[in-house]
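These notes concern the structure reproduced below.
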Amino acid sequence: MEPRGFIRDILDVKILILYVLAHTDYPASQQKIYELCYQDDRLSYFDVCQALPELVASGHVSHDENDEYSITEKGRVDGRETEDTIAAPVLQRALIAVEKYNRTFRRDQLVRTQVLSRANDEYSVVLSLDDDQGNLMTLELLGPTEQQARKFSKAMHAEAERLYQVVMEFLLEKTEGKKIGKSDN
């Protein structure tokens, strides 16, 4: 039985990589490129491992000191000319994966948490929430144990925007004397 999928050979793999990199807003590691490209059952990690150095050697992709890859102008032009040779469902799924990656990467640049050791075997969790203009909020919270601080850090990172909204609503309610964002029902 022939394997299912649309990717037929290493050229298809290269074209798919160029398509993915043309739509990423940020450099990506080899592993991340594989994850974004894995939209077809016939693609393997080893295919990506073979194709990336060849794309770097041909000048279609650049490889930086952080071991991340970006598309070059040559890769962008050649990729655009050849992307229609890849099946539309594969390109659509890849684009959805890339858009999610772009959103996640961008958010991770704006939301940062860190766990800091304090005296008496206590820990602080510091959340920094930024926007395009700068810092919106920095919040520090005590975590009595390292394990609890790490849990706080994970939760604060996941809910940073909600924390900001709750703090703003609370402060506005206190300063203006009215509830914000709640219905009267």
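The values are calculated or read from the model by the stated rules, or taken from the named source; none is laboratory data. It should be emphasised that the depicted structure is a prediction, and the values quoted were computed from it without experimental measurement. For neighbour counting, all protein chains shown are included, and Cβ atoms are generated from backbone atoms with ideal geometry for every residue, glycine included.
Some notes on this structure:
- Selection count, the range 133-147, where residues are touching a residue at least 12 places away in the same chain (Cβ under 8 Å) and assigned to a helix (DSSP H, G or I): 1
- Every pair of residues 6+ apart whose Cβ atoms lie under 9 Å, when the first sits in the range 11-33 and is over 18 Å from residue 106 (Cα atoms) and without any contact (Cβ under 8 Å) to a residue 60 or more places away in the chain while the second is among the acidic types (Asp, Glu) and outside any loop (DSSP other than H, G, I, E, B): 13/47; 14/54; 30/68
- Test result for residue 131, on the phi > 0 side of the Ramachandran plot and either modelled with pLDDT under 95 or touching a Leu at 6+ places or on another chain (Cβ under 8 Å) (or both): no
- Qualifying residue in the range 96-116 (condition: among the hydrophobic types (A, V, I, L, M, F, W, C), under 18 Å from residue 35 (Cα atoms), in contact with a Leu (Cβ under 6 Å, 6 or more places away or on another chain) and not in a helix (DSSP H, G or I)): no
Let's see how each residue does on (1) at pLDDT below 90; (2) hydrophobic (A, V, I, L, M, F, W, C):
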{"position": "138", "(1), (2)": "no, no"}
{"position": "144", "(1), (2)": "yes, no"}
{"position": "148", "(1), (2)": "no, no"}
{"position": "154", "(1), (2)": "no, no"}
{"position": "157", "(1), (2)": "no, no"}
{"position": "163", "(1), (2)": "no, yes"}
{"position": "174", "(1), (2)": "yes, no"}
{"position": "179", "(1), (2)": "yes, no"}
{"position": "184", "(1), (2)": "yes, no"}
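- Condition check for residue 83: surrounded by 14 or more Cβ atoms within 10 Å (Cβ to Cβ), within 30 Å of residue 9 (Cα to Cα) and modelled with pLDDT under 95: yes
Residues checked against (1) in a strand (DSSP E or B); (2) surrounded by fewer than 22 Cβ atoms within 10 Å (Cβ to Cβ); (3) modelled with pLDDT of 95 or more:
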residue	(1), (2), (3)
2	no, yes, no
14	no, no, yes
20	no, no, yes
34	no, yes, yes
39	no, no, no
54	no, yes, yes
77	no, yes, yes
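- Residue check for residue 148: under 22 Å from the mean Cα position of the chain (by Cα) and not aromatic (Phe, Trp, Tyr): no
- Residue in the range 167-184 that is under 21 Å from the mean Cα position of the chain (by Cα) and of a type in the set (A, V, I, L, M, F, W, C) present: no
- Taken over the range 14-51, the criterion of being more than 17 Å from the chain's Cα centre (by Cα) and either acidic (Asp, Glu) or outside the structural domain of residue 104 (by TED's automatic domain parsing) (or both) is satisfied by 40, 41, 47.
- Selected residue (only one of 96, 7, 71 is farther than 30 Å from residue 144 by Cβ, surrounded by 14 or more Cβ atoms within 10 Å (Cβ to Cβ) and modelled with pLDDT of 95 or more): 71
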